[in-house]
Amino acid sequence: MSAQGLFVREASPDAATSPAIILLHGWSCHGGFFEPQLQALAGKANVLAPDLPGHGQTGPAVALTIEAAADAVAELMRDRDLSNVVLVGWSMGAHVAYALAKRHGTSRLKALVALDMTPKVVNDATWSGGVRDGLDVLHNAEVLEAIIPRWPQMAERIAMRLFATGEVPDPQRLAHARREILAADPRLLKPMWASLTAQDFRAFLPEIDCPLHLVCGGQSALYDRAVADWHADNVPGATVHYFVGSGHAPHLEEPERLNRLVLDLAGI
């Protein structure tokens, strides 16, 4: 457990001066969902995968908001004196990364990688790039009320929607996702979902002053091509990567390609 209250999985090489890579997981998951990266990158970089507030072994040790998560990760970087960090955020983790950059600046970042994520989850009259099942304010209120009493059913649906819509998921990967998501505490997840769905980074991302790479799952069940198009049209210098064999979890479905991208950005 870090001084910030975050439980952190770590994999480090021998050299203390090695580049740093921080991996931020998605909602209802935990840092262990980055195991393919922790294993593959361990000998090449300092790799940290914290459990964000409300998730995994961190639980309620940190306030249950995106902003508090961003502050804790920023403090972790300061305490470790990390610089030139490649910050990778998957789904909710991307919003934590954006909040970190907005609240603390990007002086410690070399690049930011967002895995299959929109700048705004909830759709409205001005935005259709949210969750593709039409999630709007009214529907989201229903989702929030269902999280605690219907968690087993919701956990099953979340696990299935992680993976490519046109493929049969790897059985072991799917079983792991089902087990770990079901084990999450919905009482802690509910406020984190409320915080996540209140975020809107459309005004901030065009001003971000570090390289932004968006990795889009070509078969994502959550977001369609409109998200990539918005980044291309509105975020100067943003680079969009299409992982055509992936759904919402490119780091699990095409890990070798994602690992290579991260290592290239870290200069390894």
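The values are calculated or read from the model by the stated rules, or taken from the named source; none is laboratory data. None of these values were measured; they are calculated from a predicted model. In this analysis, Cβ positions are derived from the backbone assuming ideal geometry, glycine residues included, and neighbour counts consider all displayed protein chains. With ligands, DNA and RNA removed, areas are computed over all heavy atoms of the protein, side chains included. Shrake-Rupley method; radii C 1.70, N 1.55, O 1.52, S 1.80 Å.
Annotations
- Whole-percent carbon and sulfur share, accessible surface of the chain, 1.4 Å: 51 percent
- Residues of region 113-259: accessible area per residue with a 1.4 Å probe, Å²: 46 Å²
- Viscosity 1.567 mPa s, 4 °C: Kirkwood-radius Stokes-Einstein D of region 104-168 over Cα pairs, µm²/s: 89 µm²/s
- Length released on extending from residue 256 to residue 103, taking residue separation times 0.36 nm less the Cα-Cα span: 51.9 nm
- Ranked by the mean number of other Cβ atoms within 10 Å of their residues, highest first, the peptides 170-178, 110-118, 194-202 fall in the order 110-118, 194-202, 170-178.
- Calculated [θ] (222 nm, deg cm²/dmol) that DSSP helices of n ≥ 4 give over the chain, each run adding -39,500 (n - 2.57): -11500 deg cm²/dmol
- Peptides 84-97, 120-133, 29-42 ranked from most to least packed, by the mean per-residue count of other Cβ atoms within 10 Å: 84-97, 29-42, 120-133.
- What the Cβ-Cβ distance of residue 210 and residue 242 gives, at R0 = 30 Å and to the nearest 0.05, is a FRET efficiency of 0.90.
- Span per principal axis, largest first, for the Cα atoms of region 72-215 (Å): 42, 39, 32
- Column: log10 I(q)/I(0), Debye, Cα scatterers of the chain, q = 0.07, 0.09, 0.15 Å⁻¹: -0.21, -0.35, -1.09
- Alpha-carbon Rg/Rh ratio, for region 133-251, with Rh computed the Kirkwood way: 1.00
- Across all C-alpha atoms in region 191-268, the radius of gyration and Dmax reach 13.7, 38 Å.
- Candidate cross-link partners of residue 190 among the lysines, defined by an alpha-carbon separation under 21 Å and a same-chain spacing of 8 or more, comprise 120.
- At full extension, residue 268 and residue 81 could sit 65.3 nm farther apart than now, given 0.36 nm per residue minus the alpha carbon distance.
- Fraction of the pair-distance distribution of region 29-142 above 21 Å, Cα-Cα pairs, percent: 44 percent
- Separation in nanometres of the label points that stand 7 Å from Cα toward Cβ, at residue 179 and residue 145: 3.5 nm
- Mean-position separation - Cα centroids, region 149-206 and region 26-103, in angstrom: 16 Å
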